[in-house]
Amino acid sequence: MANGDATVARLWTWVQKARATDWDQVFVEQLPRVYNFFRYRVGPGPVAEDLTALTFEKAWRARDRYDRDRGAFGTWIFAVARNVAVDHYRSERATVSLDDVAETPGGSSPEEIAERRSDEDRLGRLLARRDDRERELLALKYGAEYTNRDIARMTGLSESNVGTILHRAVQALRAEWDEGA
């Protein structure tokens with residue numbers, strides 16, 4: 001009977017952890033940050049949406065492993081998101097992009113859409129020239145809108161180092177943009 005009590009106690013602990021987290025609220029708070037992280041990593045569109053969905057699916061399935069005492073939920077979900085991004089790049093194969101299909105948002109002229117896409121493509125090419133660490137830090141800062149302190153906690157870098165790397169990366173991007181590269 002003691003063995004059965006231990007099993008029940010362990011299950012009860014998992015149930016309490018899952019109940020302690022308001023998943024609806026977490027989803028509402030973290031969805032834009034996770035999606036923007038992936039937008040910076042893979043570009044806007046269905047791939048970023050799919051990776052965002054996969055992140056929340058994996059988080060939901062692993063919810064019993066989240067320990068509030070070890071860190072904030074946002075930190076944990078971004079660890080999941082970073083792993084999803086790594087898995088995506090590992091499995092990426094050459095494919096034909098369907099982004100060229102005309103999907104016109106209301107109110108924008110074809111010229112505005114073409115200009116925005118051209119700028120997004122150009123920024124994507126410039127970001128692709130940066131090393132993986134810089135791209136990840138830029139995605140966390142400007143895509144997920146994390147502070148340097150939060151990024152430092154997630155990556156294991158010092159807050160000062162994060163700020164320096166971001167500053168240099170942004171300066172390099174601006175210089176390349178102005179050169180017309």
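The values are calculated or read from the model by the stated rules, or taken from the named source; none is laboratory data. All of these numbers come straight from a predicted model, not from anything done at the bench. Counting neighbours? That spans all protein chains shown, and the Cβs are built from the backbone with ideal geometry, glycine included.
Regarding residue 19, is this residue at pLDDT 80 or above, out of contact with any Asp or Glu (no Cβ under 6 Å at 6 or more places or on another chain) and either farther than 24 Å from residue 120 by Cβ or assigned to a helix (DSSP H, G or I) (or both)? It is false that residue 19 is at pLDDT 80 or above, out of contact with any Asp or Glu (no Cβ under 6 Å at 6 or more places or on another chain) and either farther than 24 Å from residue 120 by Cβ or assigned to a helix (DSSP H, G or I) (or both). Filtering the stretch 22-49 to residues that are at pLDDT 80 or above, surrounded by 15 or more Cβ atoms within 10 Å (Cβ to Cβ) and farther than 30 Å from residue 118 by Cβ leaves only 30. Looking across the stretch 154-181 at every residue that is in a helix (DSSP H, G or I) and hydroxyl-bearing (Ser, Thr, Tyr), the one that is surrounded by the most Cβ atoms within 10 Å (Cβ to Cβ) is identified as 155. When 72, 59, 79 are screened for being touching a residue at least 40 places away in the same chain (Cβ under 8 Å) and either more than 22 Å from residue 125 (Cβ to Cβ) or among the aliphatic types (A, V, I, L, M) (or both), only 79 passes.
Taking the criterion of being closer than 19 Å to residue 80 by Cβ and assigned to a helix (DSSP H, G or I), the residues of the stretch 142-151 that qualify are 143, 150, 151.
The listed residues are 52, 7, and the only one of them that is at pLDDT below 60 and on the phi < 0 side of the Ramachandran plot turns out to be 7. Filtering the stretch 22-39 to residues that are among the hydrophobic types (A, V, I, L, M, F, W, C) and either farther than 14 Å from residue 81 by Cα or outside any helix (DSSP H, G or I) (or both) leaves 23, 26, 28.
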